[in-house]
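To start, the structure under review is shown below, and the notes come after it.
The numbers here are math on the coordinates, done by the rules we state, and not lab data. The shown structure was predicted, so the numbers you read here are calculated from the model rather than taken from an experiment. Here Cβ is always computed from backbone atoms with ideal geometry, including for glycine, and neighbour counts include all displayed protein chains.
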């Protein structure tokens, strides 16, 4: 999700440091623009949860002088293109998932904080349509595999106003689904039947994003998202007892543009 992209701030700072000498050598080069969004968001406390957690919504975008900010969906994970063609981009992807405590699910196994490493491929079809596929492997926490397929239709008036919306499909393997939706035989004493999740399509949904510039410097960044659990996650006794098949998220942030303001 375009969730707490704290690493993006570090990457941006590194980019500024590396770019400074080159910029000093060419005084005629026009400076670019940087837009920073900061605010709160509500997301499921853990996959399948029926409660929401408040987390920071952070986004950092960079544009060269005279160019619009490139579109980024509000729920995509942190990443950057290392290979960029006329309409195809490839690069690494980083994802995070918060901890699920044992108390959240009646004494079932805890799932620690999950850090996910992987990559993405992105295809832009003209100015209004973008397809993106992400694939990541959990290296902590759930230790599973997750892939997110998305399509976004984008309507924009330069950087002054932007509306995006499109479908989402989330696919996870058995390790991921067992971590959040499975019940081990030794845990049946807690009153729930053993349940083994096989992996597959976990959910389908839709995401809507909206950006509105209020002045050359200040603006609003917002999104809302809905997902519906399918397959074994939807049939899991964990969801029936402690969660919900309907998953909601949303956030709103204030933006500030450094460099040349948006006119």
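Pair-distance distribution of the chain: all C-alpha pairs, bin width 10 Å, starting at 0; shares per bin in whole percent are 7, 28, 33, 19, 9, 3, 1, 0.
For the stretch 146-228, the relative contact order comes to 29 percent (Cα pairs under 8 Å, sequence separation of at least 6). Between residue 102 and residue 54, full extension at 0.36 nm per residue minus the direct alpha carbon distance yields a gain of 15.3 nm.
Inter-part distance, the stretch 78-99 to the stretch 162-230, computed on C-alpha centroids, equals 19 Å. If you take the beta carbon distance between residue 83 and residue 110 as r and set R0 to 25 Å, what does 1/(1 + (r/R0)^6) give as a FRET efficiency, to the nearest 0.05? Calculated transfer efficiency: 0.05.
Between residue 218 and residue 127, residue separation times 0.36 nm minus the direct Cα-Cα distance comes to 30.3 nm. Stokes-Einstein D for the stretch 163-254 at 25 °C, 0.890 mPa s, Kirkwood Rh over Cα pairs, in µm²/s? The Stokes-Einstein estimate is 162 µm²/s. Structural descriptor for the chain: relative contact order 19 percent, calculated from alpha carbon pairs under 8 angstrom and at least 6 residues apart. Computed extension length for residue 210-residue 163: 16.5 nm, one decimal, from 0.36 nm per residue of separation with the Cα-Cα distance subtracted. With helices as the sole contributors, the chain gives -4500 deg cm²/dmol at 222 nm; each DSSP H run of n ≥ 4 counts as -39500 (n - 2.57), and the sum is divided by every residue. Projecting label points 7 angstrom from Cα along Cα→Cβ for residue 189 and residue 68 puts them 6.1 nm apart. For the stretch 118-190, the Cα-based Rg and Dmax, in that order, read 17.9, 59 Å.
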